[in-house]
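Just below is one structure, and these are the notes that go with it.
The values are calculated or read from the model by the stated rules, or taken from the named source; none is laboratory data. Everything quoted here is computed from the prediction, not taken from an experiment. For neighbour counting, all protein chains shown are included, and Cβ atoms are generated from backbone atoms with ideal geometry for every residue, glycine included.
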């Protein structure tokens, strides 16, 4: 069996299988970040994301945007847990023939995001590599009461999404603002039952919430905010790298949220969590269609 | 200016230059791990190390040894700070055509080291990549009184090294035991002034201690333990990937240490820290020779 046929998510379950973790780990593999006991009122969050040239970016996009993206995807992961990022370490692989200016630009991009979100860049590793590789690990924290996992969606919850979906390959995937401010507003003021960031596409990532929460969902096609850059609805919900937040709250909290949302960032109620498993789209013609929660395939 | 001409350490100073860190960072870029405020009596340690196929390992060595090495180099970094590793996240790049069994073996290697040193594997990222890439970030802790930096070597300190040096490419670089037990014995029982692990070669890594401590050193050729796998003394002190500990303690502590060392692992007193800068070798014929602290070049 080769990896391409096994798929990323089967690989992840193989990795996690039979692993014993200490009692200090609240959540290990299988969410946007690991959750570790810390103080009486807070947890540590720990995660990493690797970007590779010609897969997640082109060299011609320039070092600055690449560095910016590398840290932003990590900030997005921490935001999706309801927490704040605090420290990062950067592993960088670059060819010896690359101009030093290009590497300076990568770090300028990383530092711009670090400054914006008050993250300390505290260490790293640099190696020689033919293709550019950037892997950033982030350490953050979250107040216990604010932690948002993938696994606590409840029947009847309203499903919301920030921003709009699809077509991020036209440029947005390199130059987006992670929804940290929005996530913190949410967890500080509302009971968020489940949250994830859209990195593999809405269907795939909502699919993770459904799987971890052992629930189903109905999504209304007419309610999903499709970006002008997207080809159509069906690609918008399957494209990856939107880095928007998908989350669920009770109906009561949802009603309050719609009234209180203070940001220019769009907020859309796109569907509901259901007791019975399965992901369904209610098409614009009211027809209900079962759909597979698949998106960007890593292998 | 291209990277190969700039060199890794000039690159690192360019990265660190003009960076403002929060007051919670005790030590940022420039030691084996970052040191971050934690509890009243302890610090967090945070570091990462990236390994790349055909640079740090061959695919033909098999997944198990590669996974083992990937976590062991990180354990070695935490040991060199005087601390203990607690959690890790693993970013893995592998070709879609690779057999799933090979990836299982990588994780078996990682988990074997994790089990031995009681580290929780709590998360990661997997991407598709032509060459195998493994980047592990580790979170650890150290009691404040046990922290060993590179920067506190004092004139008159004795310089010690564990194990023997050189020729690790013959196999030891893939299958070594990080000196965590030895490091913990040292910091728990002695005042260690400076410590580093040998990843770029003794001269280069001792050179980091000298630079950060603004001191010099005399090394006695006849006292340096050269491995049977090494070509000769000069290559043994320049070869990388020994993953032994080099550390300095006062003369008084050094005398006590030699009497109390309880391990089979060899311990050698190889020289002294001097007030005046410069690294000197006292050759077997008693001639004193100034030597440049250079070792493995990453670019």
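Run down A:236, A:217, A:194 and say which single residue is in contact (Cβ under 8 Å) with a residue 24 or more places away in the chain, in contact with a strand residue (DSSP E or B) (Cβ under 7 Å, 6 or more places away or on another chain) and farther than 24 Å from residue A:155 by Cα. Outline the logic, then answer.
Numbers: A:217 fails: farther than 24 Å from residue A:155 by Cα; A:194 fails: farther than 24 Å from residue A:155 by Cα.
Answer to the check: A:236.
Tell me which residues, restricted to the range A:33-43, are more than 9 Å from chain B (Cβ to nearest Cβ) and either in contact with a helix residue (DSSP H, G or I) (Cβ under 7 Å, 6 or more places away or on another chain) or within 17 Å of residue A:150 (Cα to Cα) (or both).
Result: A:41, A:42, A:43.
Just to confirm my filter: which strands (runs of 3 or more DSSP E) fall fully inside the range A:214-274 and include at least 1 residues that are surrounded by fewer than 21 Cβ atoms within 10 Å (Cβ to Cβ) and at pLDDT 95 or above?
On the way: elements: A:216-220, A:245-249, A:267-274.
In the range A:214-274, the matching strands (runs of 3 or more DSSP E) lie at A:216-220, A:267-274.
How many residues does the range A:27-40 hold that are surrounded by 19 or more Cβ atoms within 10 Å (Cβ to Cβ) and in a strand (DSSP E or B)?
Final tally of qualifying residues: 4.
Which condition from (1) in contact (Cβ under 8 Å) with a residue 12 or more places away in the chain; (2) in the same structural domain as residue B:99 (by TED's automatic domain parsing); (3) over 23 Å from residue B:299 (Cβ atoms) is the one that residue B:60 breaks?
Every condition holds for residue B:60 apart from (1).
Can you name every residue in the range A:6-31 that is at the interface with chain B (Cβ under 7 Å from one of its Cβ atoms) and in contact with a helix residue (DSSP H, G or I) (Cβ under 9 Å, 6 or more places away or on another chain)?
If the condition is that a residue be at the interface with chain B (Cβ under 7 Å from one of its Cβ atoms) and in contact with a helix residue (DSSP H, G or I) (Cβ under 9 Å, 6 or more places away or on another chain), then A:6, A:11, A:14, A:15, A:19, A:28, A:29 are the ones that fit.
Scan the range B:124-141 and tell me whether some residue there is within 13 Å of chain A (Cβ to nearest Cβ) and on the phi > 0 side of the Ramachandran plot. Can you show your working first?
Of all residues in the range B:124-141, those within 13 Å of chain A (Cβ to nearest Cβ) come to B:124-141.
Next, from what is left, pick out any that are on the phi > 0 side of the Ramachandran plot: B:124.
Checked the range B:124-141: at least one residue is within 13 Å of chain A (Cβ to nearest Cβ) and on the phi > 0 side of the Ramachandran plot.
Out of A:251, A:264, A:277, A:260, report the one residue that is free of Cβ contacts under 8 Å to residues at least 12 places away in the same chain and either under 22 Å from residue A:31 (Cα atoms) or not assigned by TED's automatic domain parsing to the domain that holds residue A:70 (or both).
Numbers: A:251 fails: free of Cβ contacts under 8 Å to residues at least 12 places away in the same chain; A:277 fails: free of Cβ contacts under 8 Å to residues at least 12 places away in the same chain; A:260 fails: free of Cβ contacts under 8 Å to residues at least 12 places away in the same chain.
Residue meeting the stated conditions: A:264.
Please specify each residue of the range B:64-110 satisfying the condition of being within 12 Å of chain A (Cβ to nearest Cβ), in contact with a helix residue (DSSP H, G or I) (Cβ under 6 Å, 6 or more places away or on another chain) and assigned to a helix (DSSP H, G or I).
B:67, B:100, B:102, B:105, B:106, B:107, B:108, B:110
Look at the range B:45-57 and say how many of its residues are surrounded by fewer than 24 Cβ atoms within 10 Å (Cβ to Cβ) and either touching a residue at least 12 places away in the same chain (Cβ under 8 Å) or more than 8 Å from chain A (Cβ to nearest Cβ) (or both). Talk me through it step by step, then tell me what you get.
Residues of the range B:45-57 that are surrounded by fewer than 24 Cβ atoms within 10 Å (Cβ to Cβ), as a first pass: B:51-57.
Adding the requirement that they be either touching a residue at least 12 places away in the same chain (Cβ under 8 Å) or more than 8 Å from chain A (Cβ to nearest Cβ) (or both) leaves B:51-54, B:56-57.
So the count comes out to 6.
Inside the range B:111-148, can you point out the residues that are touching a helix residue (DSSP H, G or I) at 6+ places or on another chain (Cβ under 6 Å), touching a residue at least 40 places away in the same chain (Cβ under 8 Å) and part of a strand (DSSP E or B)?
Of everything in the range B:111-148, those that are touching a helix residue (DSSP H, G or I) at 6+ places or on another chain (Cβ under 6 Å), touching a residue at least 40 places away in the same chain (Cβ under 8 Å) and part of a strand (DSSP E or B) turn out to be B:134, B:136, B:138, B:140.
Is it the case that residue B:148 is closer than 25 Å to residue B:287 by Cβ, within 19 Å of the chain's Cα centre (by Cα) and either at pLDDT 95 or above or buried (at least 21 other Cβ atoms within 10 Å of the Cβ) (or both)? Talk me through it step by step, then tell me what you get.
On the way: closer than 25 Å to residue B:287 by Cβ: no; within 19 Å of the chain's Cα centre (by Cα): yes; either at pLDDT 95 or above or buried (at least 21 other Cβ atoms within 10 Å of the Cβ) (or both): yes.
No: the conditions fail for residue B:148.
From B:183, B:153, which residue is assigned by TED's automatic domain parsing to the domain that holds residue B:275, in contact with a helix residue (DSSP H, G or I) (Cβ under 6 Å, 6 or more places away or on another chain) and in a loop (DSSP other than H, G, I, E, B)?
B:153
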